[in-house]
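Engineer: Have a look at this one before I ask anything.
Read-outs: derived from the displayed coordinates by stated rules, not from any lab. Not measured: the values here are computed from a predicted model. Quick reminder, even Gly has a Cβ in these numbers, built from the backbone with ideal geometry, and neighbours come from all protein chains shown.
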Amino acid sequence: MGFLTFAVLCSSSLLTIIDPVAAAPLFVAITSGQDEAARRRTAVRACLVAGALLTIFAAAGAAIFGLFGITIDAFRIAGGILFFTMAMPMLTGRAAPHAPADVAHGGDDPAIVPLGMPIIAGPGAISTVMVLMGQADGIAQVVALHVAIVVTVAVTAGALWLAPVLLRRLGGSGIALVTRVLGLIMCVIGIQFVIDGVRPVVIELIRASRG
């Protein structure tokens, strides 16, 4: 497989897993307390964080997981729990997920969690780059994978940058409705992550019990 073919394979795989179009409305809901300029800065930081994480896990993911005894299934479960806890305030409308003041005063930065990880660089994307790195045959294909990561992150950044346009058209009531709907979606995604992580563990326990 040549450089270009492998790069297309990597890019298509990552774009499908990350799904920038689906990430954009989640980005709008999570950054509902920020103005347009702050949203764009958050989008850039989130994509840089995600790109760095994907690059690190592509290069040393197996070693990192092995060092700490972590499995992809455990990572999926952790990501699911994180999604669920972030979704509940959105679903109930008790509070916006984050506000600019939180960042300014040293609070949690939504660009890192949950945008950078696990919305963009989630368990699926991380496991994908680890598998693709394992399939890479020679330095050219390794470079192709890293090019694909850059392209995917750039496309995702573009989708997030365009998200405020949607926000302006929705209005206050529309944003409140979308926030609750997306909170429900995030909650379901989180539960599905947990199910995907627990299923192999349960299957392995059943197999072990049968000897």
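Engineer: Just to be sure I understand the rule: take each whole DSSP H helix in the chain, project its Cα atoms onto its long axis, keep it if the span is 20 Å or more and its mean Kyte-Doolittle hydropathy is at least -0.5. Which ones pass?
Structural biologist: Numbers: long enough: 3-18 (22 Å, 2.16); 36-68 (41 Å, 1.19); 72-92 (30 Å, 1.37); 139-209 (56 Å, 1.61).
Helix filter hits for the chain: 3-18, 36-68, 72-92, 139-209.
Engineer: Going by how many other beta carbons lie within 10 Å of each one, how would you line up Thr179, Thr152, fewest first? Mind showing how you got there, number by number?
Structural biologist: Numbers: Thr179 23, Thr152 27.
Fewest-to-most Cβ neighbours within 10 Å comes out as Thr179, Thr152.
Engineer: Another question, if that's okay. Once you put a point 7 Å from the Cα of Ala63 and another 7 Å from the Cα of Glu36, both along the Cβ direction, what distance in nm separates them?
Structural biologist: 4.5 nm
Engineer: Could you list Leu184, Leu132, Leu205, Leu9 in order of exposure, starting from the residue whose Cβ has the fewest other Cβ atoms within 10 Å?
Structural biologist: On the way: Leu184 13, Leu132 21, Leu205 10, Leu9 17.
The order, fewest Cβ neighbours first, is Leu205, Leu184, Leu9, Leu132.
Engineer: Fewest to most neighbouring Cβ within 10 Å: what's the order for Leu15, Leu48, Leu67?
Structural biologist: Neighbour counts put them in this order, fewest first: Leu67, Leu48, Leu15.
Engineer: Can you pull the Kirkwood radius for the range 3-209, inverse mean 1/r over Cα pairs, to one decimal in Å?
Structural biologist: Numbers: mean 1/r = 0.0563 Å⁻¹.
The answer is 17.8 Å.
Engineer: Just check the range 1-69 against the gyration tensor rule for me: Cα atoms, a ≥ b ≥ c as the square roots of the eigenvalues, rounded for a/c under 1.5, and otherwise prolate or oblate depending on whether a/b exceeds b/c. Numbers along the way, then the final one.
Structural biologist: On the way: a/c = 2.63, a/b = 1.53, b/c = 1.72.
Cα axes put the range 1-69 in the oblate bin.
Engineer: Give me the extension gain from Ser173 to Ile56: residue separation times 0.36 nm, minus the current Cα-Cα distance, reported in nm with one decimal. Don't skip to the answer; put the middle values down first.
Structural biologist: On the way: separation 117, 0.36 × 117 = 42.12 nm, distance 4.07 nm.
Length difference between fully extended and current span is 38.1 nm.
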